[in-house]
Amino acid sequence: MKLGIVGLPNVGKSTLFNSLTKAGAESANYPFCTIDPNVGVVTVPDKRLDVLGEMYHTKKIVPAAIEFVDIAGLVKGASKGEGLGNQFLANIREVDAIVHVVRCFEDSNIVHVDGNIDPLRDIETINLELIFSDLEILERRIAKTVKVAKNDKTAAKELGLLQRVKAHLEENRMAKSFTADDEEEQIWLESYNLLTAKPVIFAANVAEDDLVDDGASNEGVQAVHKYAEEEGCEVFVVCAQIEQEIAELDDEEKKMFLEDLGLEESGLEKLIKASYHLLGLISYLTAGEPEVRAWTIKRGTKAPQAAGKIHSDFERGFIRAEIVSYDDLMACGTHVAAKEKGLVRLEGKDYVVQDGDIILFRFNV
Ligand code: GDP
């Protein structure tokens, strides 16, 4: 699970990225290490893990994690190969979702590449590069399909789709806001792996003062909200500078700092949860004395495939899953009590795993 952070220069990308990865570095038990300075692993906050950790007397807690990639270097003309343009676009093609940082704060000390603060113009500058890149893909595909379409009905249908998507993008719209006519078209559309079809969260980077009302009185933020709604994206209001300060603090100080600001959790924690949600991800849990751990799956995943996240043997030899939901376990107090009440269920290969299911897999080796 990988998220790419994009945005114009000087909007606060690195500030946000650094605070994200610093916050993430707190979890010493995280099994991955950072390979690339532009890639950071961030753990997904989940209070349930701490509760289970106490219940099972374990010190080893492994939270779910998301990878963030700082994709710097997007400038006007990137799709024409200027700067690190092409490499940048290739990096974006690999991510599951995009966090697009937009500058909504005024600060005369920090130069804006286009002179003044105008979040909507900034978004359009970046999106235009993505759109150009997508148009190239569509045009190549159209050129290939045209010939076949002459005596092939399916190809003719696809050609129609390609031309409609192209027209949509030419109006500066994102592929995200395009509606396919049927499932077949939808599958084709997904196969093009268009940049503007990826889920997007706009991180509206505001001044500290704007945090009180979540940016509601900031005109730039309002414009971002309107745009996001039209294009089917999410908005997230953050003050990167404050997040960086928070990331420097230890847990106790952090709690006090947030209380002072009247906040329950840091903006980053909210951002991480929002990304998780946006991608349709949920966590199932495994709990025991050796470790308590969260495993990331897509909503709708069935038990054997969920087991496969732990080990491919678990999926291949899957027999059944012994499951108690986190809430049921909490209500009963112990696993034994939950079992006595019949709340520990045996589920088979067609069971769709739910968020917060605590699972023990039974399998043949
Ligand atoms: P990037 O080029 O998008 O990665 O931008 P940086 O993260 O390097 O930020 C550019 C400058 O803006 C730095 O001097 C940051 O300290 C500053 N900056 C970032 N976020 C904020 C913010 O929320 N408020 C203010 N006033 N400055 C910020």
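The values are calculated or read from the model by the stated rules, or taken from the named source; none is laboratory data. Keep in mind it's a predicted model, so treat the numbers as computed, not measured. When we count neighbours, we look across all protein chains shown, and the Cβ atoms used for this are built from the backbone with ideal geometry, even at glycine.
Quick notes on this structure:
- Just one of the numbered conditions (1) modelled with pLDDT under 85; (2) aromatic (Phe, Trp, Tyr); (3) buried (at least 18 other Cβ atoms within 10 Å of the Cβ) is not true of Phe68: (1).
- Considering Lys273, Lys255, the condition of being in contact (Cβ under 8 Å) with a residue 40 or more places away in the chain, assigned to a helix (DSSP H, G or I) and farther than 26 Å from Ile110 by Cα is satisfied by Lys273 alone.
- Single residue of Glu289, Glu264, Glu315, Glu322 found to be part of a loop (DSSP other than H, G, I, E, B), more than 20 Å from the chain's Cα centre (by Cα) and not assigned by TED's automatic domain parsing to the domain that holds Phe105: Glu289
Yes/no per residue for (1) β-branched (Val, Ile, Thr); (2) at pLDDT 95 or above:
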{"position": "Phe132", "(1), (2)": "no, no"}
{"position": "Ile137", "(1), (2)": "yes, no"}
{"position": "Arg141", "(1), (2)": "no, yes"}
{"position": "Thr145", "(1), (2)": "yes, yes"}
{"position": "Asp152", "(1), (2)": "no, yes"}
{"position": "Lys157", "(1), (2)": "no, yes"}
{"position": "Leu162", "(1), (2)": "no, yes"}
{"position": "Lys166", "(1), (2)": "no, yes"}
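Residue-wise test of (1) over 30 Å from Leu52 (Cα atoms); (2) surrounded by fewer than 15 Cβ atoms within 10 Å (Cβ to Cβ); (3) more than 16 Å from the ligand (Cβ to nearest atom); (4) touching a residue at least 40 places away in the same chain (Cβ under 8 Å).
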residue	(1), (2), (3), (4)
Glu183	yes, yes, yes, no
Ala207	yes, no, no, yes
Asp210	yes, no, no, yes
Gly215	yes, no, no, yes
Glu243	no, no, no, yes
Ile246	no, no, no, yes
His277	no, yes, yes, no
Glu289	no, yes, yes, yes
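- Residue in the range 132-160 that is surrounded by the most Cβ atoms within 10 Å (Cβ to Cβ), counting only those that are within 28 Å of the chain's Cα centre (by Cα) and without any contact (Cβ under 8 Å) to a residue 60 or more places away in the chain: Leu138
- Residue in the range 341-356 that is closer than 22 Å to Glu289 by Cβ, in contact (Cβ under 8 Å) with a residue 40 or more places away in the chain and loosely packed, with under 15 Cβ neighbours inside 10 Å present: no
- Screening Gln222 against (1) at pLDDT 95 or above; (2) over 23 Å from the mean Cα position of the chain (by Cα); (3) polar (S, T, N, Q) leaves a single unmet condition, (2).
- Any hit, the range 85-102, residues being buried (at least 19 other Cβ atoms within 10 Å of the Cβ) and part of a loop (DSSP other than H, G, I, E, B): yes
- Here Gly232 does not qualify as more than 16 Å from the chain's Cα centre (by Cα) and under 19 Å from Val99 (Cβ atoms).
- Scanning the range 110-163 for residues that are assigned to a loop (DSSP other than H, G, I, E, B) and of a type in the set (Asp, Glu) yields Asp114, Asp118, Asp152.
- Test: residue in the range 330-339 that is more than 16 Å from the ligand (Cβ to nearest atom), over 26 Å from the mean Cα position of the chain (by Cα) and of a type in the set (D, E, K, R): yes
- Residues satisfying the stated conditions in the range 195-209, i.e. assigned to a helix (DSSP H, G or I) and in contact with a helix residue (DSSP H, G or I) (Cβ under 7 Å, 6 or more places away or on another chain): Leu195, Thr196, Ala197, Glu208
- Being at pLDDT 85 or above and either within 16 Å of the ligand (Cβ to nearest atom) or surrounded by fewer than 21 Cβ atoms within 10 Å (Cβ to Cβ) (or both) is not true of Ser108.
- Whichever residue in the range 243-254 is at pLDDT 85 or above and more than 22 Å from Asn205 (Cα to Cα) and, among such residues, is nearest to the chain's Cα centre (by Cα): Asp250
- Apart from one condition, Leu360 fits all of (1) part of a strand (DSSP E or B); (2) modelled with pLDDT of 95 or more; (3) out of contact with any Asp or Glu (no Cβ under 7 Å at 6 or more places or on another chain); the exception is (3).
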